[in-house]
Amino acid sequence: MFNKRVKIKDLLLTEPIGQEAVVMGWVRTFRNNQFIALNDGSTNSNLQIVVELGKYDETFLKRITTSASLKVVGHVVASMGKGQKLELKASSIEILGDSDAEKYPLQPKKHSLEFLREIAHLRFRTSTFSSVFRIRHSLAFAIHKFYNDKGFVYLHTPIITASDAEGAGEMFKVTTLPFDQTPRKEDGTVDFNEDFFGRATNLTVSGQLEGELAATALSEIYTFGPTFRAENSNTARHLAEFWMIEPEMAFYDLEDNMNLAEEFIKYLIRYAMEHNREDLEFLAQRLEEEEKQKPQAERSEMGLIEKLEFVMNNDFERITYTEAIDILLASPAYKKKKFKYDVSWGIDMQSEHERYLVEKHFKKPVIVTGYPKAIKAFYMRQNDDGKTVAAMDILAPGIGEIVGGSQREERMEKLEERMKEMHIPIEEMWWYLDTRRFGTVPHAGFGLGFERMVQFVTGMTNIRDVIAFPRTPKNAEF
Ligand code: 4AD
Ligand code: MG
């Protein structure tokens, strides 16, 4: 019954005027008992269904409400109306599922994004969210295409791990131990020998360490999977569960790493521009309207499409951390005490600092290298100055940090020394250190936050609006 259905997107594209077609979808609006705007999620463009006057009785017509689902058979005809090239003259309409107009929470009007977050199970039915999720899909597909075309191997790293890759301690525990009768050792600490894995485990914060194991044999790998961070950050760019792409490459130094990351980001933007033009134009329009609500000084200088074209066609700025701090210290914002957090060499830059650099100073994406070792992870390659590491972060306008990466410390003694300093359990990490023990090689990699990338491409200001069911502090609905 269903496989004869044609998708509305294809129908609008191929324009089979005069032919019979079967469509299925959800009603967006129904005007004058005559014109149904039908949407099936393949495109934001609705198909206009023309209902013959007098053919259906009143009770039937009353059931054609917003979000009722229909199967319509009809003839494709050229449209006389404005706004569409063709329409479907219905010969039969079947209601697949009724939708009580009184109870249906989405009305054919503008709803706030905050309200839509509360009904995230239905927000796919809005134009904004169907555009966002089609673009998210496209980007996910493009990621695999980019690395596959380059001969990288897609590696599935574990979701449950015993190590803390970033050493930041922001992990969700994974356990089957009972809360009420937790087994304890003599010293009173929890006895994880009794736990499912016989040891303490948690949800992964990054697949990097396992990625390095594979890269030091397969040369070039990438991961693309969910990662988890129990950081209590209630911001527009943090999720407790987010997706990350982590390429890891043997025989790459920091510069090779930066080149790959820049090429990758530009590729993803170009892919969306070529494959999601209609959705991007819709979102650009919506962003423009949102911008009009803001005071002049806070509005962005470029529209969404313009911004994406600019980023695609210009080199990213490359500066060192030390240069970044100097720019901040010399900035009018610093002198007028506009920053909430203080600036000095050694700070972990706050998002206000990162955004000043990209949005006010350079007005383009910036790659910052050579961070102080004290604020970065143990595995980053130490520079000869004894103070900095071969790290690189990419900062993007409107987002802040979108990529974090580094060249890895491949020298055994240096790595062990740093692990000791940072109290990383060396014995437990024997498997990681084996890569340095047996045929160590210079290597590098980075992590791109997928949702931040989707935010950048779609122009959505809140990260909760680019993942279907966001997980944030005090929120795990749906
Ligand atoms: O900078 P991060 O913590 O780097 C790593 O995890 C490394 N192991 C990556 C690597 O070298 N293989 O995270 C990488 C990126 C960030 O730049 C950011 O885009 C994103 O992941 N990210 C988050 N996105 C959403 N919510 C959060 N809580 C995020 N934390 C990091
Ligand atoms: Mg980072």
message: Using a Debye calculation, one point per C-alpha and no hydration shell, please list log10 I(q)/I(0) for segment 231-290 at q = 0.14, 0.18, 0.22 Å⁻¹ in order.
response: -0.72, -0.96, -1.00
query: Among 420-430, 454-464, what's the highest-first ranking by average C-beta atoms within 10 angstrom per residue?
result: 454-464, 420-430
task: Could you bin all the Cα-Cα distances of segment 336-377 into 10 Å bins starting at 0 and give me the percent of pairs in each, rounded to whole numbers?
output: 25, 53, 22, 0
statement: Taking a ≥ b ≥ c as the square roots of the Cα gyration tensor eigenvalues, with a/c under 1.5 meaning rounded and otherwise prolate when a/b beats b/c or oblate if not, segment 114-267 comes out oblate
message: Could you order the peptides 403-411, 75-83 from most to least packed, using the average number of other C-beta atoms within 10 Å per residue?
response: 403-411, 75-83
query: Over segment 58-135, what number does the Rg to Rh ratio reach, with both radii from the alpha-carbon atoms and Rh per Kirkwood?
result: 1.03
The chain - share of DSSP beta bridges that are antiparallel (%, nearest 5): 90 percent
task: Of all alpha-carbon pairs in the chain, indicate the percentage at a distance above 33 angstrom.
output: 49 percent
field: Mean separation of Cα contacts under 8 Å (6+ apart) over length of the chain, as relative contact order %
entry: 13 percent
- request: Enter the per residue convex hull volume of segment 426-478, computed from alpha-carbon coordinates, in Å³ rounded to the nearest integer.
  value: 163 Å³
- request: Give the Cα extents of segment 344-466 along the principal axes, in whole Å, largest first.
  value: 45, 32, 24
query: In straight Cα distance, which aspartates and glutamates are under 15 Å from K474, not counting same-chain residues fewer than 8 positions off?
result: E118, E231, E241
- line: Surpassing 22 Å at the alpha-carbon level, of the pairs K145/K364; K110/K294; K62/K103; K307/K338; K335/K360, are K145/K364; K307/K338
task: Have a look at segment 370-432 and give its Rg and Dmax from the Cα atoms, expressed in angstrom.
output: 13.1, 42
message: Once the cut-off is 19 Å, how many percent of the Cα-Cα pairs in segment 258-352 end up in the long-distance tail?
response: 61 percent
message: Please compute one quarter of the surface area of the Cα convex hull for segment 133-197 and express it in square nanometres.
response: 7.9 nm²
- prompt: Based on the Kirkwood radius over alpha-carbon pairs, what value in µm²/s does the Stokes-Einstein equation return for the translational diffusion coefficient of segment 1-113 at 4 °C and 1.567 mPa s?
  reply: 90 µm²/s
query: By how many nm would the segment from R31 to K363 lengthen if fully extended, with 0.36 nm per residue of separation less the alpha-carbon distance?
result: 114.9 nm
message: Using a 7 Å offset from Cα along Cα-Cβ at A374, what residues in segment 405-437 end up with backbone N under 20 Å from the label point?
response: 417-424
statement: Taking 199-211, 336-348, 28-40, 179-191 and ranking on average Cβ neighbours within 10 Å, highest first, one gets 199-211, 28-40, 336-348, 179-191
- prompt: Given 10 Å bins starting at zero, what is the percent of C-alpha pairs of segment 3-49 in each, up to the one with the largest pair distance?
  reply: 27, 56, 17, 0
field: P(r) weight above 22 Å for segment 205-307, C-alpha pairs, percent
entry: 56 percent
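Bear in mind these aren't lab numbers, they're just calculated from the coordinates by the rules spelled out. Quick caveat, the model's predicted, so the values are computed rather than measured. Cβ sites come from the backbone with ideal geometry, for glycine too, and all protein chains shown count toward neighbours.
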